Amino acid sequence: MQQWITILNALTLAKLGSIIEERENLPYKVRGLLPLNDIGQVNAAEQYYTEQINKARREGKIIPFERLCEICEYHPLVKNTLQMILAVATYPELKELFRWMGRTEEVTLELIGILMEEQESFSYREQKRAYELLSIILKPTKKESSFQRHAFVMEERIYNYLLGENEIQEELKGFVNFHNVEEHLELWIHKQQAKELEDYFLEGVKFLHLQGERGCGKRHLIKTLCEKYQYPLLEIKGKQLGYLELKELKEIVWLIKRELLLQESALCLYGIEKRTKDRIGWDTTYLLQEVIYPLLEIDYPIFICSDNGINLVPETHRFVGQISLEPLNRQERFALWKGFSQLWRLKGLEEEILSSKFRLNGEEIRKITARLACLQEKEELTEERIYRECMLFITEDARGTLKKEKSPQTLEELKLPKTQKDLIGHIISHITYRYQVYDQWGMEKKYPYGKTVSALFTGPPGTGKTMAAHVIANSLNLPLYSVDLSQVVDKYIGETQKRLEEIFVAAERSSSILFFDEADAIFGKRSEVSDSKDRYANAEVAYILQRMEQYDGVVIMASNLQKNIDDAFMRRIRYLVHFEMPDEEVRKQLWRNSLGKEAPTENIDFDFLAKNFEFSGGSIKNVVLNAAFLAAEEKTKIGMNQIIRSIRYEYIKQGKSVFVAEFGPYGYFLQ
């Protein structure tokens, strides 16, 4: 491209030389630069330039200077001004010529008019238009009141563009990505929305708005469309733009606009979120006035990607092609897991189970599978490893109302009667096979509502309700979040619903299991309405009922008394598991399991313990743990001595009387 700059400069210098008659007094540096006053040289230079332009066009080549002229509507005054700006950038000594002529050393429309004897041939309106066109690609220095005297200088971005270097300007690199349309993209989901977008595009709609939650595939649809029609695409991070002051924003929007013209590109403005009191975002009117409308002044498609809080249609008089993308369902998640698994040639992925267990968006699935592809080169992808990678992308929030619980218990360790244990297994299977039942077997069409997997665990304290919740979470490799009811229930009207909504949203996003211990605090029976307080309390219960219907996840509730739970909740609960006090045989297993294999023991009479002490599993755990500390303190093994004394402590804690005779042959340990 350097040859074009050389040709253009030769033409400009020939024109300048043709108007200089008295060469004796020219500045020394300029005298050898300008050719002699010969109109023939000007004609020859113009003819050579025209020939080269025509040749390049026949060969399908793009000449950057001609592209600038095209942007400026081939206005002759603009063209001559651009040529002079280029010449001054190449030969700074030309500024001495301008001073010698008694003019400013900077390039202005007034100077060009005098040098090229064109000012009188253009009306004021035409000069104003030339100024406006030139201002699209170069920023004028406004030191004078008259626009004809505003100076233009060559900017680095434009000079590099003329050299054929099409790199994005440094000031934009924090905001702009250039998408390579040669990249091959597969479209596994949203095919109907892709067709709508393509129809708008082919109809010539330039203002297109895609709504949907983060990571649902909005940008992927746009990239796929641009790839199909080989349309360059500039992507701009709308969130970063939102941090700018108005003056900075206007400057960046102007640079973006110029970049679109230079690249002949479409624009995707993504990451647009509605402003709230808790989040820096965009006001719709401000977004339209300061960003979108200025960019729509050029004739290239503008794609806006936003969350569902931004609705542009009612706010603008312009036609907006609007497309909404719903959150991914299991079938779409399965399609993405399957597609990316094949793309990366991953082994060992159970796409059906992954799509049921993890409510991940498309971007997260893409990133996880890319990470797994890298890991696959170093190690075998086990189920545990795959789940661990999924958990890296799960957010943990809801402002302290959720507490992540970790416990290693397995289904084998859960000592329950067969009926109750089978119910726990059914809950695990319900999550594991949701994709097969709802999607492959078509059950979702028949049962579109109430897909929440809800379970109520009832029974006395210490009978294993919390442990069962941990077992379910561990079996499914899903996080278990215990809801801190002290942070949820609020005396102020409406606050409880607000906090519960935060919990459900966070749980849906993180594919976690929600565990409400002492659930009757919020799932309790509704009371008769006697005052406004009762009315709002009942409204809270009604809200929870509705929200549970919508929740696509697992909710486990635990309560000591089933009769305290509201009847409407009971109708919506899919699994009811009642935890009885363990019988003698189960107690014997609990005593053995609580001690484990690693703890040093001697002469433990498991039959006596199971027969004579009707403890719950929780109480047995407390007794064993206290006995272990007693043995450690006494530097001995865990035996009946320590266990009997610990049982006495447990009796005292529970408010029971301690009778030595009840301890049979081991009562002497209490004397």
Counting only residues 5 or more places away or on other chains, whose amide H sits under 5 Å from the amide H of GLY309 once H atoms are built in the peptide plane? LYS274
Estimated FRET transfer efficiency (TYR449, GLU383; beta-carbon r; R0 30 Å; 0.05): 0.40
Do you know the relative contact order of the chain, to the nearest whole percent, from alpha carbon pairs under 8 angstrom that are 6+ apart? 9 percent
On a full-extension model of 0.36 nm per residue, what is the gain between LYS61 and ASN160, subtracting their alpha-carbon distance, rounded to one decimal in nm? 33.9 nm
Note down the nm distance, to one decimal, between modelled labels 7 Å out along Cα→Cβ at LYS637 and at GLU170. 7.7 nm
Report, in degrees rounded to the nearest 10, the 0 to 90 angle that the Cα long axis of helix 39-58 makes with the longest principal axis of the chain. 30 degrees
Heavy-atom accessible area per residue of segment 83-166, all protein chains kept, 1.4 Å probe, expressed in Å², is 51 Å²
Nothing charged except the Cβ atoms of Lys and Arg (+1) and of Asp and Glu (-1): what's the magnitude of the dipole of segment 85-212 about its Cα centre? Round to the nearest 20 debye. 540 debye
Quick one: of LYS357/LYS378; LYS142/LYS247; LYS191/LYS218; LYS29/LYS139; LYS446/LYS563; LYS173/LYS274, which pairs are farther than 22 Å apart, Cα to Cα? LYS357/LYS378; LYS29/LYS139; LYS446/LYS563; LYS173/LYS274
Share of carbon and sulfur in the accessible heavy-atom surface of the chain [1.4 Å probe, %]: 48 percent
Read-out P(r) over Cα pairs in 10 Å bins from 0, in percent, candidates [x] 3, 14, 22, 24, 19, 11, 5, 2, 0; [y] 3, 12, 19, 20, 16, 11, 8, 6, 3, 2, 1, 0; [z] 3, 12, 16, 16, 14, 11, 9, 7, 5, 4, 3, 1, 0, 0; calculated match is [z]
At 7 Å along the Cα-to-beta-carbon direction for both ASP299 and GLU264, put a label point, then send me their distance in nm to one decimal. 1.3 nm
Could you give me the ³J(HN,Hα) list for segment 425-442, computed from phi with Karplus coefficients 6.51, -1.76, 1.60 and θ = phi - 60°, whole Hz, x at Gly and Pro? x, 5, 4, 4, 5, 4, 6, 4, 10, 4, 4, 5, 6, 6, 9, 5, 8, x
What is the spin-label model distance, in nm, from ARG571 to GLU132 if the labels are put 7 Å beyond Cα along the C-beta direction? 6.7 nm
Quick one: Karplus J couplings for segment 233-244, per residue in order, coefficients 6.51, -1.76, 1.60, θ = phi - 60°, nearest Hz, x for Gly and Pro? 9, 9, 10, 10, 7, x, 5, 5, 4, x, 7, 7
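Using the heavy atoms of the protein chains alone and a 1.4 angstrom probe, what is the accessible area of segment 300-351 per residue in square angstrom?
Working: 2550 Å² over 52 residues.
In whole numbers, segment 300-351 has 49 Å² accessible per residue.
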Under Karplus coefficients 6.51, -1.76 and 1.60, residue-wise ³J(HN,Hα) of segment 647-654 in Hz, glycine/proline x: 5, 4, 4, 5, 4, 4, 4, 7
Residues meeting the amide H criterion for CYS268 (H placed from the backbone, H to H distance under 5 Å, 5 or more places apart or on another chain) are LEU234, GLU235, ILE236, PHE303
Work out the length of the dipole vector of the chain about its Cα centre, built from +1 on the beta-carbon of each Lys and Arg and -1 on the beta-carbon of each Asp and Glu, and round it to the nearest 20 debye. 1500 debye
Long-range amide H contacts for LEU576: which residues qualify at under 5 Å (H placed 1.01 Å from N, peptide plane, sequence gap of 5 or more or a different chain)? LEU456
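Rounded to the nearest 5, what % of DSSP beta bridges with both residues in the chain are antiparallel?
Numbers: 12 of 49 bridges.
Rounded to the nearest five, the antiparallel share is 25 percent.
The values are calculated or read from the model by the stated rules, or taken from the named source; none is laboratory data. All figures in this text were calculated on a predicted structure; none of them were measured in a lab. Quick reminder, even Gly has a Cβ in these numbers, built from the backbone with ideal geometry, and neighbours come from all protein chains shown. SASA here: full protein model, heavy atoms, side chains in, ligands and nucleic acids out. Shrake-Rupley method; radii C 1.70, N 1.55, O 1.52, S 1.80 Å.
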